[in-house]
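Trainee: A single structure is presented below for examination.
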Amino acid sequence: MNHWLVKSEPHKYSWEQFNKDGRTFWDGVRNYQARNNMRDMKEGDLVLFYHSNEGKNVVGIAKVVKEAYQDPTTDNTNWVVVDIVPVESLKKPVSLAQVKEEESLKNVSLVRQGRLSVMPLKAEEFDKILEMGS
């Protein structure tokens, strides 16, 4: 199993809305590196949900339930989506500042590539963020 982090601006698509919907396809990705990361997502992979711009917090855990397929919001075949479902909210949101302060997380893409919207995490990075949010 692989681990990921996806970013969404809460005013565009919040964790709360995702929980109400119960499932979504992750669309709107127009960065090749993020797209390639989505192509690597496998059913059952776990995903941290991060509120970007407003809040800047990891707020919940999701799971990939359908692997990459053509983005239905565009005819351009370069772009894909994956389906994800919410698993659970973190007890305490984990802020970007907390992630930056944690030595073991200094190399995560959230810190190093701030504009990347879909990024891989090592299992130990994923687990550390969960620990920080419990």
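Trainee: Please report, in debye to the nearest 20, how large the charge dipole of the chain is about its Cα centre when each Lys and Arg carries +1 at its beta carbon and each Asp and Glu carries -1 there. Walk me through the intermediate numbers first.
Mentor: Working: 19 positive and 20 negative charges, 51 e Å.
The calculated dipole for the chain is roughly 240 debye.
Trainee: Could you give each residue of the stretch 72-80 its phi-based ³J(HN,Hα) in whole Hz, using Karplus coefficients 6.51, -1.76, 1.60 with θ = phi - 60°, and x for Gly or Pro?
Mentor: Running phi through 6.51 cos²θ - 1.76 cosθ + 1.60 with θ = phi - 60° gives x, 8, 8, 8, 6, 6, 6, 10, 10 Hz.
Trainee: Further question on the same structure: Under a 5 Å amide H to amide H cut-off, with H placed in plane at 1.01 Å, what residues pair with Glu102 once short-range neighbours are removed?
Mentor: none
Trainee: Taking loop as defined by DSSP and a crowding limit of 11 other beta carbons within 10 Å, which GluC sites (Glu not before Pro) in the stretch 11-114 fit? Display every interim value, and only then the final one.
Mentor: On the way: sites: Glu16, Glu43, Glu54, Glu67, Glu88, Glu101, Glu102, Glu103; in loops: Glu43, Glu54, Glu102.
Here the sparse-neighbourhood loop sites are Glu54.
Trainee: Taking R0 as 22 Å, what FRET efficiency do you get between Glu101 and Glu54 from their Cβ-Cβ distance, rounded to the nearest 0.05? The partial results should precede the final answer.
Mentor: Details: r = 20 Å, r/R0 = 0.93.
Efficiency, from the Cβ-Cβ distance: 0.60.
Trainee: Could I ask something else about it? To make sure I understand, if each residue's beta carbon is the centre and we count other beta carbons within 10 Å, what order do Met38, Met1, Met132 fall in, fewest to most? Walk me through the numbers before you get to the answer.
Mentor: Working: Met38 23, Met1 11, Met132 18.
Listed from fewest to most nearby Cβ atoms, that is Met1, Met132, Met38.
Trainee: Right, something else. Considering Cα pairs under 8 angstrom that are at least six residues apart, work out the relative contact order of the stretch 3-132 and quote it in whole percent.
Mentor: Numbers: 245 pairs, mean separation 39.8, N = 130.
Over the stretch 3-132, the number comes to 31 percent.
Trainee: In deg cm²/dmol and to the nearest 500, what is the mean residue ellipticity at 222 nm of the chain if only DSSP H runs of at least 4 residues count, each as -39500 (n - 2.57), divided by the residue total?
Mentor: Details: 5 runs with 36 residues, N = 134.
The helix contribution divided over the chain gives -7000 deg cm²/dmol.
Trainee: Which loop trypsin sites (Lys or Arg not before Pro) in the stretch 18-54, with loop taken from DSSP, have no more than 16 other Cβ atoms within 10 angstrom of their Cβ?
Mentor: Here the trypsin sites (Lys or Arg not before Pro) that fit, given the DSSP loop and packing criteria, are Arg23, Arg30, Lys42.
Trainee: Mind listing the phi-derived Karplus ³J(HN,Hα) values for the stretch 31-47, rounded to whole Hz, using 6.51, -1.76 and 1.60 with θ = phi - 60°, and x for any glycine or proline?
Mentor: 10, 5, 5, 4, 4, 4, 4, 5, 5, 7, 5, 10, 3, x, 4, 9, 9
Trainee: What angle do you read, to the nearest 10 degrees and between 0 and 90, between the alpha-carbon axis of helix 123-132 and the longest principal axis of the chain?
Mentor: 60
Read-outs: derived from the displayed coordinates by stated rules, not from any lab. All of these numbers come straight from a predicted model, not from anything done at the bench. We place every Cβ from the backbone using ideal geometry, glycine too, and count neighbours over all the protein chains shown.
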